[in-house]
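Below is one structure, written out as structure tokens; the observations come after it.
The values are calculated or read from the model by the stated rules, or taken from the named source; none is laboratory data. All figures in this text were calculated on a predicted structure; none of them were measured in a lab. Note that we place each Cβ from the backbone using ideal geometry, even for glycine, and neighbour counts take in every protein chain shown. Accessible surface is based on the protein model in full, side chains and every heavy atom, while ligands, DNA and RNA are left aside. Shrake-Rupley method; radii C 1.70, N 1.55, O 1.52, S 1.80 Å.
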Amino acid sequence: MRIFAVYLAKNNGDMSNYNPQEIEKKWQKHWKDTHAYKVANSSTKPKYYVLDMFPYPSGAGLHVGHPLGYIASDIVARYKRHKGFNVLHPMGFDAFGLPAEQYAIQTGQHPAVTTAQNIARYKEQLDNIGFGYDWDREVQTCDPEYYKWTQWIFCQLFSSWYDKTTDKARPISELTDIFSKEGNATVNAHGDENPVFTAAEWNAKSEEEQQQTLLNYRMAYLANSMVNWCPELGTVLANEEVKDGLSERGGYPVFRVNMRQWFLRITAYADRLLFDLDAIDWTDALKEQQRNWIGRSEGASIVFEVIEPLSDLTPNPSPKERGANNSLNNELGWQSTTAEEWNTLKPFARENRKNPTKAEGDLWDLLRDNKLGARFRRQHAIGNFIVDFACLPAMLVVEVDGKIHNEAENKEYDEGRTHEIEKLGFKVVRFTNQQVLENPYTVRDEIKNILATSPLSLGEGSGVRSTNDDASTEGDNFPPLLGRGAGVNKIEVFSTRPDTIYGATFMVLAPEHELVPAITTAEQKTEIDKYIDYAAKRSERDRMSEVKAVTGCFTGTYATNPLTGQPIPIWIADYVLAGYGTGAVMAVPGHDSRDYAFAKHFGLPIVQVVTDKNNTINIDTESFDAKDGVLINSDILNGLNVSEAKKAIIAKLEEKGIGKGKINYRLRDAGFSRQRYWGEPFPIVYRNGLPYLVDESELPVTLPQVESYKPTGDGNSPLAALTDWVNTPNGQRETNTMPGWAGSSWYFLRYMDPKNNTEFASKENVDYWENVDLYLGGSEHATGHLLYVRFWTKFLYDIGKIPVTEPAKKLINQGMIQGVTPFAYSILVAPRPIVFSKSFIDIKNNVVTLNGIAYENVETHKVRLPFAVVDFVGSQCRFYKKYLSEKSNEIKGFTLFSIYEEDESRYFWEKDENGDEYMVVDTEVEKMSKSKWNVVNPDDMVAKYGADTLRLYEMFLGPLEQSKPWNTNGIEGVYRFLGKLWKLYNIGEDSKAQLSDDAPTPEELKILHKTIKKTADDIDGFSFNTTVSAFMICVNELSQLKCNKRQILEPLLVCLSPYAPHIAEELWAACGNTNGILDAEFPKFNPEYLVENTFSYPVSINGKTRQQMEFALDADQETIKAAVLANEIVQKWMEDKPLKKFILVKGRIINVVV
RNA sequence: GCCCGGGUGGCGGAAUAGGUAGACGCGCAGGACUUAAAAUCCUGUUGGCAGUAAUGCCAGUGCGGGUUCGAUUCCCGCCCCGGGCACCA
């Protein structure tokens, strides 16, 4: 009993020493019990919204790097509260995503369960640090109450289109109104490249056709596209989730494959995303990254005509060689051409279908859908031709001249073509454009008559493959005609330097360009196929890591340079990317270094068309890529400067109808499908293969339970196996889920009204909180999250749901806190127990010494040591033997050595003053992560020093935006500072501060107000590290003065409170305040206390400081000058040289020039 | 290759409308208190040279130039480190 009493007296009664563990828990509980951080949605105070990028709750918990930004934002939030703002400072969790799912796959635990556990852990850790979050506003993206609204926003995207005329998103119903009244001509006028249709055509479309067409306009749409497929993760990845051809998560290989995916039309916002950057206070580096990512470039699109070699006017003789059979059944089975030829023709057929001529389009509307009682196909392959229309059962081909066969010289070609098709047993009938356009019904009737007299030798189903009434009729798996050049007579390119067109001496297409097979000549086919194969086999990763090698292949075909009229060869090469521009370039080797390298390598002509002002450019050794200069060798452009020439050539191209000014973006539409389980389900069902929204009343579409979380690997998500869930009365559900960034693209809005179950947030609340005043987070989100959240914000603004076009007015990127990894060396041999011996590795000479015996050429490698087995003593990192027993299961299996250096002691075990054995090892700075054993848990720091010390120390470490390695060395200093502060308040037995109410001295006031000013200034400049040092100076100076004045020490606590809220609250209460410090008014800075009467001037002679002299600040120059010149030391340094100049900068410096 | 940052003591870092370089903290050294340790406090700490010392002199903010009475700060030319983008026509 007695011992117990003594113990109590020692620990609870004596408050003369700072005891963070006790006071921090007390105040955290108090704040929670009193709802001290609850935020109201309306107030007479001005609003301020501080937001952190919410964390993904991983199983590893928080490490000391996470709180860096959170502490900074907490400081700003608390400061603003002292300054009289109504501050919103919420926290939540970005809880959908891969790690939880991967974990579920491994353990079978439902991701929702592990996520909830992780979140609980995170919240505990966050609360330990004393953050002032209003937890009532917490959001979790995986909560159905939250993702209901993510789905709802998706519905709005699906139901909207982008109107380029007014430059905003509008409801899709307004678009269908326009289509039914005027077709899509005006909508298309702003650069859309969708096929044109009239109101009548629109109205004649079936529901399915209309829906299909609308997908070309919706903000959320389905499309086939090349995507980053990661088989290992079983999902597609966004571009920013792929680094060097490997997945960012896991580092698995990623491949480009074609898949049908959901996309969000972020490209519609490209310009606004770009230009609005100017209006927000984000760092230049980050804005620059977004600008580059959007990659806007102005230039021109130009059409080059392909020259068709004469020989190609006569069709490929293959049908003849096959023997003229009258029956396709005999010759080609059910096909009208061979698979091989279809492969060749496919791109043209597709292209032609996409861009029918007016006459073709009109006629198709009259023939399609079995309107004449027989099925017609358009742009169909027959033998080695693509014919305009074919009715296979009737063996009838209908061609409309005009698009590509209207020139006189093509007449002969047409006749030859007719002849060849007839040999295959078809009847060919031709109409002119004019006939179709002027008398469409006459034409239709004529076809009908011919059909009536046709033998209908092949009924559908009697050998000819039967097809559905859907797109598969025109599907790519069904073959058409052959021969090259068929219909391909132009290639479009994009160039930012149209002014250099006179120097375009060849063209280069991407190997994947769809016209490549068509323009390849028979002689070059083998080579080209080989090259395409080569390019396809190289993964993205190969392409990146490889030193840029010049490779390419000639197609055998030429195009005409439209300005010079010269034929120029068409090549393919993988330096041209299929995904950018048109996938084809006009190569100007004289003025593009890539084209130059290519031309040099393959011996292609190089023509100089731009020179500098003095005409000193010589392009014999390198290209002249500069964007200013004067045009030469360019006919009409000669003498113009580059920018004038651009304008002139675009005008010329437009006049000739072969080009136009164009703006290209690097930004792609955002892929929005993931073939995974742990994400938001789409509010979509399919009917007849077309997507429809589920009714809003069915939201949220909740994520069902599944047996297995494993992706199927064939591109289907685990949801696809749930037939009961997939099949609904209204259609089949979409089984993909949304990507990780869906939920994070609007969460800042949900915090404004997190419990609302009728809207994503009420209008009242979004109008009050508007957007984030200060957003803190890592710069790694620059081109992902931060672009998407801006996109969604603009969209929600367009549809009238929020009053702002940007999510965050100001954004700060906090730096990363890196881990310090100690390491030793191991020999690459079978694992052995740790050796404590006089053994070492001489890395430089590749020699290993084991117990005195040297071995040469032994392979060694670095071995990470757990952070926990080392201590930092002075500048040494010591690896202690005593920690090995605790950690041995983590590092067993390696023979460890330290590196050999000059200092021989470094590879031996030594004994410290306590007799503990250690070895000095080296360290490396890397990312802090569980797998690297270098994680430092903030809980440990809090347990040892308290939350206030951790908060101050993280801020004291250096500028917020700078990355730095975690180093515990300095934390003691901060802890000592808080101890000194505590002592100033003379806390007695009764836990009360014993302070004097005497008036403070001017000196004391000066110290206080200096600190007030510094605190306020530094928060505005986010220079938290210098504020902490200002606090230290202040406390040092007040301690020196033994200041115990209430009028000094109370205001000081308010300054400190944002940084160290627990101790500030404790001392505030100890001073006798009953109101709590959180809402205390921030002390007003009074500059009068800082006014000085005199200044101790550094006096320098010729710029070198030699003497200090004190003068009144209001002393006039002559008085000072006389005194300075009379000074003994000054005279000594003047060395009797005449005075040249006397410089006095008031309150700064005096300089005597001799 | 291009675009952003950034190079300051043994260490983290202060100070830039040009005006005493190295605040503050760590570490280190010495000292006080203590039987001792811990804790706490005090002093010193950019380097070199000279001096018993107080102190003095010289050099010094990645390197080389320039502007200026005066440059860590501005200008020109390099070097190195970190980050981003990467054949974007």
Can you name the residue in segment A:580-606 that is closer than 19 Å to A:Ala300 by Cβ and of a type in the set (Val, Ile, Thr) and is also nearest to RNA strand B (Cβ to nearest atom) among such residues? A:Val585
Go through (1) surrounded by fewer than 23 Cβ atoms within 10 Å (Cβ to Cβ); (2) modelled with pLDDT under 80; (3) of a type in the set (A, V, I, L, M, F, W, C) one by one and return the number of the condition A:Ile812 breaks. (2)
Within segment A:1085-1126, the count of residues that are within 16 Å of A:Lys1006 (Cβ to Cβ), over 55 Å from the mean Cα position of the chain (by Cα) and not hydroxyl-bearing (Ser, Thr, Tyr) comes to 2
In segment A:1130-1142, the residues that are within 9 Å of RNA strand B (Cβ to nearest atom) and surrounded by fewer than 14 Cβ atoms within 10 Å (Cβ to Cβ): A:Lys1132, A:Lys1140, A:Lys1141
So if I check each of A:Ile971, A:Ile1012, which one is part of a helix (DSSP H, G or I) and within 14 Å of RNA strand B (Cβ to nearest atom)? A:Ile971
Checked segment A:227-265 for anything modelled with pLDDT of 75 or more, under 19 Å from the mean Cα position of the chain (by Cα) and charged (D, E, K, R); matches are A:Arg265
Which one of these does A:Glu1037 not meet: (1) surrounded by 14 or more Cβ atoms within 10 Å (Cβ to Cβ); (2) within 10 Å of RNA strand B (Cβ to nearest atom); (3) closer than 17 Å to A:Ala1060 by Cα? (3)
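Can you tell which of A:Gln117, A:Gln156, A:Gln125, A:Gln151 is surrounded by fewer than 16 Cβ atoms within 10 Å (Cβ to Cβ) and either assigned to a helix (DSSP H, G or I) or among the aliphatic types (A, V, I, L, M) (or both)? Please lay out each step first, then the result.
Numbers: A:Gln156 fails: surrounded by fewer than 16 Cβ atoms within 10 Å (Cβ to Cβ); A:Gln125 fails: surrounded by fewer than 16 Cβ atoms within 10 Å (Cβ to Cβ); A:Gln151 fails: surrounded by fewer than 16 Cβ atoms within 10 Å (Cβ to Cβ).
Only one candidate passes the filter, namely A:Gln117.
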Just one listed residue, out of A:Ser623, A:Ser697, is among the hydroxyl-bearing types (Ser, Thr, Tyr), under 37 Å from the mean Cα position of the chain (by Cα) and either more than 16 Å from RNA strand B (Cβ to nearest atom) or at positive phi (or both), and it is A:Ser697
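Looking at segment A:689-737 only, could you name the residues that are touching a Gly at 6+ places or on another chain (Cβ under 6 Å) and closer than 21 Å to A:Phe154 by Cα? Let's see the steps before the verdict.
Of the residues in segment A:689-737, the ones touching a Gly at 6+ places or on another chain (Cβ under 6 Å) are A:711, A:713, A:737.
Matches in segment A:689-737: A:Thr737 only.
From the list A:Gly689, A:Gly715, exactly one residue is open to solvent by less than 20 Å² (accessible area, probe 1.4 Å), small (Gly, Ala, Ser) and more than 20 Å from A:Ala112 (Cα to Cα). Which is it? Before the answer, list the steps.
Working: A:Gly689 fails: open to solvent by less than 20 Å² (accessible area, probe 1.4 Å).
Criteria check complete, one pass: A:Gly715.
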Is there a residue in segment A:88-98 that is at pLDDT 95 or above, over 30 Å from A:Gln675 (Cβ atoms) and over 32 Å from the mean Cα position of the chain (by Cα)? no
Just to verify a result, which residue in segment A:974-995, among those that are open to solvent by 30 Å² or more (accessible area, probe 1.4 Å), in contact with a Ser or Thr (Cβ under 9 Å, 6 or more places away or on another chain) and not basic (Lys, Arg), is farthest from RNA strand B (Cβ to nearest atom)? A:Glu989
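Does A:Leu1067 qualify as being more than 9 Å from RNA strand B (Cβ to nearest atom) and open to solvent by less than 60 Å² (accessible area, probe 1.4 Å)? Full working, then the answer.
Values: more than 9 Å from RNA strand B (Cβ to nearest atom): yes; open to solvent by less than 60 Å² (accessible area, probe 1.4 Å): yes.
For A:Leu1067, the condition - more than 9 Å from RNA strand B (Cβ to nearest atom) and open to solvent by less than 60 Å² (accessible area, probe 1.4 Å) - is met.
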Can you confirm whether A:Phe1111 is within 11 Å of RNA strand B (Cβ to nearest atom) and without any contact (Cβ under 8 Å) to a residue 40 or more places away in the chain? no
Any residue at all in segment A:74-91 that's in contact with a strand residue (DSSP E or B) (Cβ under 7 Å, 6 or more places away or on another chain), in a helix (DSSP H, G or I) and among the charged types (D, E, K, R)? yes
For residues that are in contact with a Leu (Cβ under 7 Å, 6 or more places away or on another chain) and open to solvent by less than 20 Å² (accessible area, probe 1.4 Å), scanning just segment A:262-281, find the one that is farthest from A:Asp773 (Cα to Cα). A:Trp262
Conditions (1) within 47 Å of the chain's Cα centre (by Cα); (2) farther than 30 Å from A:Trp27 by Cα; (3) in a helix (DSSP H, G or I): number failed by A:Glu1003: (1)
Has segment A:943-956 got any residue that is of a type in the set (Phe, Trp, Tyr), within 14 Å of RNA strand B (Cβ to nearest atom) and in contact (Cβ under 8 Å) with a residue 24 or more places away in the chain? yes
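What number of residues in segment A:561-579 are in contact with a Phe, Trp or Tyr (Cβ under 8 Å, 6 or more places away or on another chain) and more than 7 Å from RNA strand B (Cβ to nearest atom)? Even if it seems obvious, please write down each step before you answer.
As a first pass, look at segment A:561-579 and keep what is in contact with a Phe, Trp or Tyr (Cβ under 8 Å, 6 or more places away or on another chain): A:561-564, A:567-573, A:575.
Pick out the ones that are also more than 7 Å from RNA strand B (Cβ to nearest atom) and you get A:561-564, A:567-573.
Qualifying residue count, segment A:561-579: 11.
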I'd like to check something: does segment A:1076-1093 contain any residue that is within 13 Å of RNA strand B (Cβ to nearest atom), open to solvent by 50 Å² or more (accessible area, probe 1.4 Å) and either more than 30 Å from A:Thr34 (Cβ to Cβ) or at pLDDT 95 or above (or both)? yes
If you take the residues in segment A:277-315 that are in a strand (DSSP E or B), within 30 Å of A:Gly416 (Cα to Cα) and not β-branched (Val, Ile, Thr), which one is modelled with the lowest pLDDT? A:Glu305
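Tell me, which helices (runs of 4 or more DSSP H) wholly within segment A:337-441 include 2 or more residues that are modelled with pLDDT under 70 and acidic (Asp, Glu)? Give the derivation first.
On the way: elements: A:339-354, A:358-367, A:410-423, A:433-438.
Correct list: A:339-354.
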Has segment A:997-1009 got any residue that is buried (at least 22 other Cβ atoms within 10 Å of the Cβ), within 16 Å of RNA strand B (Cβ to nearest atom) and among the hydrophobic types (A, V, I, L, M, F, W, C)? yes
Could you please let me know if A:Tyr797 is open to solvent by 50 Å² or more (accessible area, probe 1.4 Å) and within 24 Å of A:Pro171 (Cα to Cα)? yes
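Do you know which residues across segment A:571-597 are touching a Ser or Thr at 6+ places or on another chain (Cβ under 9 Å) and outside any loop (DSSP other than H, G, I, E, B)? Walk me through how you get there before you give the answer.
Here is the first cut: in segment A:571-597, the residues touching a Ser or Thr at 6+ places or on another chain (Cβ under 9 Å) are A:571-575, A:581-582, A:585-597.
Residues satisfying the conditions are A:Trp571, A:Ile572, A:Val585, A:Met586, A:Ala587, A:Ser593, A:Arg594, A:Asp595, A:Tyr596, A:Ala597.
Can you tell me which residues in segment A:1040-1064 are open to solvent by less than 10 Å² (accessible area, probe 1.4 Å), part of a loop (DSSP other than H, G, I, E, B) and out of contact with any Lys or Arg (no Cβ under 8 Å at 6 or more places or on another chain)? Spell out how you get there, then give the answer.
To start, the set of residues in segment A:1040-1064 that are open to solvent by less than 10 Å² (accessible area, probe 1.4 Å) comprises A:1043, A:1048-1049, A:1052-1064.
Subset that is part of a loop (DSSP other than H, G, I, E, B): A:1043, A:1057-1060.
Across segment A:1040-1064, the qualifying residue is only A:Cys1043.
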Given the residues A:Thr555, A:Thr521, A:Thr505, A:Thr500, which is the only one that is open to solvent by less than 20 Å² (accessible area, probe 1.4 Å), at pLDDT 85 or above and touching a helix residue (DSSP H, G or I) at 6+ places or on another chain (Cβ under 6 Å)? A:Thr555
